[in-house]
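Beneath this line is the structure, given in structure tokens, with notes to follow.
The values are calculated or read from the model by the stated rules, or taken from the named source; none is laboratory data. In this text, all values refer to a predicted model and were calculated from it rather than measured experimentally. As a convention, Cβ positions derive from the backbone with ideal geometry for all residues, glycine included, and neighbour counts pool all protein chains shown. Just so you know, the surface numbers come from the protein's heavy atoms only, side chains and all, with ligands and any DNA or RNA stripped out. Shrake-Rupley method; radii C 1.70, N 1.55, O 1.52, S 1.80 Å.
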Amino acid sequence: MPRPRVLVVDDSVVARRLVSKALMDDDSVEVVGVAADGRVALAQIERLRPDAVTLDVDMPVMDGLETIEGIRQRWPHLPVIMFSTYTMRGAKVTLDALALGANDYVVKPSGAASPTEAMARIREELLPRILALCPHGVVQAAVPPAAPEPIALASSGPMARVDAIAIGISTGGPTALGSLLSRLPSNLPVPLLIVQHMPPMFTRVLAERLDRTCAIHVLEGADGHTLEPGTAWIAPGDRHMTVERAGEDVRVRTRIGPRENSCRPSVDPLFRSVAEVFGSRALGIVMTGMGNDGMRGAERLHAAGARVIAQDEASSVVWGMPGLVARSGIADAIVPLEGLAAEIERRLAAGRVNPPSLDPVGVGP
């Protein structure tokens, strides 16, 4: 299988060297060129036909946002990974780039003790993303996808009442969440709890942006928040988010804790707590993302009698997390991104006869 061929774009000579060396030290990818600004990058893409591009945000002549627009006009399927700074502005520009069509991002290492440590961090973050976005090596040619293998769905009986929705998502998540949440009505009768793999500051910017563009209320989760219908909570960066019952209320809990599946926040702790608090009255949704985070938590939801939905492969940027859940046989539906909001509303309508509440499992009507 051919190795993915990568173009490194950054106006900093030091950054170009660090990224190039970090990738070249691994035999699984090949760095075919570098560029110092967006205009040169577009010419290099035309000449070299790379399989993936790493793209800095701040560059002279043509910055990262202008460059991603130019790339998407001419190469709509070329994987692009933004190389972002860990600042408020970096978070905002990164989300702008994702909205314009960038596939994913990594945050530049800060405070590294040495170039060797910086390269190790870059390699750890960047390499898995390149390989996930280029699973078959060369991706420029429009090759018809192979026929998907049949997937067995979990058997399902009558639609159960849903009192809470838990979502796990990673690569491609900000754009997918914008698509999903913007389709949900302001009077959604249940709360939503979301784990999106992102660092601190980025999750706050994402929540604020979604809150401005969606009918439902979107917040970054904070310890002690009481769940309310029509509101979505996004797990804060570098904190696990769970829920626990407090009398008649259900509250958000956040904590640092050990990483799970190399992630913090991780989907599994959220799903486990939702299974414990809501049991069969929960709906779990695993959306686009690489890795296996959410798999064990989805199994816990399924064991508790809750329904689990996986986003389909065609609409996922990476079908890692949802693909594992789909192939495991615990998902009772595999749904494209465009149909998820309608599927949620259908299940809420079918499973609810009485007004919504957050009362304990087995106590309410």
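Looking at Pro60, Pro79, Pro50, Pro109, which one is touching a Cys at 6+ places or on another chain (Cβ under 8 Å) and either farther than 26 Å from Ser262 by Cα or of a type outside the set (A, V, I, L, M) (or both)?
Numbers: Pro60 fails: touching a Cys at 6+ places or on another chain (Cβ under 8 Å); Pro50 fails: touching a Cys at 6+ places or on another chain (Cβ under 8 Å); Pro109 fails: touching a Cys at 6+ places or on another chain (Cβ under 8 Å).
Result of the check over Pro60, Pro79, Pro50, Pro109: Pro79.
Between a first residue in segment 45-73 that is free of Cβ contacts under 8 Å to residues at least 60 places away in the same chain and open to solvent by 40 Å² or more (accessible area, probe 1.4 Å) and a second residue that is part of a loop (DSSP other than H, G, I, E, B) and of a type outside the set (D, E, K, R), which pairs have beta carbons less than 6 Å apart while being 6 or more apart in sequence or on different chains?
What qualifies is Arg72/Gly101.
I'd like the full set of residues that are closer than 18 Å to Arg121 by Cα and touching a Leu at 6+ places or on another chain (Cβ under 7 Å), limited to segment 54-80.
Within segment 54-80, just Thr54 meets the criteria.
So which pairs qualify, if the first residue must be in segment 183-195 and more than 13 Å from His217 (Cβ to Cβ) and open to solvent by 10 Å² or more (accessible area, probe 1.4 Å), the second must be at pLDDT 95 or above and in a loop (DSSP other than H, G, I, E, B), the Cβ gap must be under 7 Å, and the two must be at least 6 apart or on different chains?
Taking only residues 6 or more apart or on different chains, the pairs are Pro189/Pro229.
What tally of residues in segment 315-339 results from selecting those that are under 15 Å from Leu180 (Cα atoms), in a helix (DSSP H, G or I) and touching a residue at least 60 places away in the same chain (Cβ under 8 Å)?
2
With the structure loaded, tell me whether Ile216 is modelled with pLDDT of 95 or more and crowded, with 21+ Cβ neighbours inside 10 Å or whether it fails that test.
Considered against the rule, which asks whether it is modelled with pLDDT of 95 or more and crowded, with 21+ Cβ neighbours inside 10 Å, Ile216 comes out as no.
Sort through Arg300, Arg281 and tell me the only one that's of a type outside the set (A, V, I, L, M, F, W, C), within 22 Å of Arg255 (Cα to Cα) and more than 17 Å from the chain's Cα centre (by Cα).
Just one listed residue meets the conditions, Arg300.
Yes/no per residue for (1) under 21 Å from Arg307 (Cα atoms); (2) of a type in the set (Ser, Thr, Tyr); (3) touching a strand residue (DSSP E or B) at 6+ places or on another chain (Cβ under 6 Å):
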site	(1), (2), (3)
Pro236	no, no, yes
His240	no, no, yes
Ser262	no, yes, no
Pro269	yes, no, yes
Ser273	yes, yes, yes
Phe278	yes, no, yes
Arg281	yes, no, no
Gly284	yes, no, yes
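Would you mind finding the one in Arg209, Arg253 that is closer than 26 Å to Leu126 by Cα and open to solvent by 50 Å² or more (accessible area, probe 1.4 Å)? Full working, then the answer.
On the way: Arg253 fails: closer than 26 Å to Leu126 by Cα.
Residue meeting the stated conditions: Arg209.
Out of the residues in segment 148-182 meeting the condition of being assigned to a loop (DSSP other than H, G, I, E, B), surrounded by fewer than 21 Cβ atoms within 10 Å (Cβ to Cβ) and of a type in the set (S, T, N, Q), tell me which one is modelled with the highest pLDDT.
Looking at the filtered set, the residue picked out is Ser182.
Give the residue that is nearest to Pro191 (Cα to Cα), with candidates limited to residues of segment 280-291 that are open to solvent by 10 Å² or more (accessible area, probe 1.4 Å) and not hydrophobic (A, V, I, L, M, F, W, C).
The first filter runs over segment 280-291 and keeps only residues open to solvent by 10 Å² or more (accessible area, probe 1.4 Å), leaving 280-281, 290-291.
Adding the requirement that they be not hydrophobic (A, V, I, L, M, F, W, C) leaves 280-281, 291.
Numbers: Ser280: 15, Arg281: 12, Gly291: 26 Å.
Going through the qualifying residues, I end up with Arg281.
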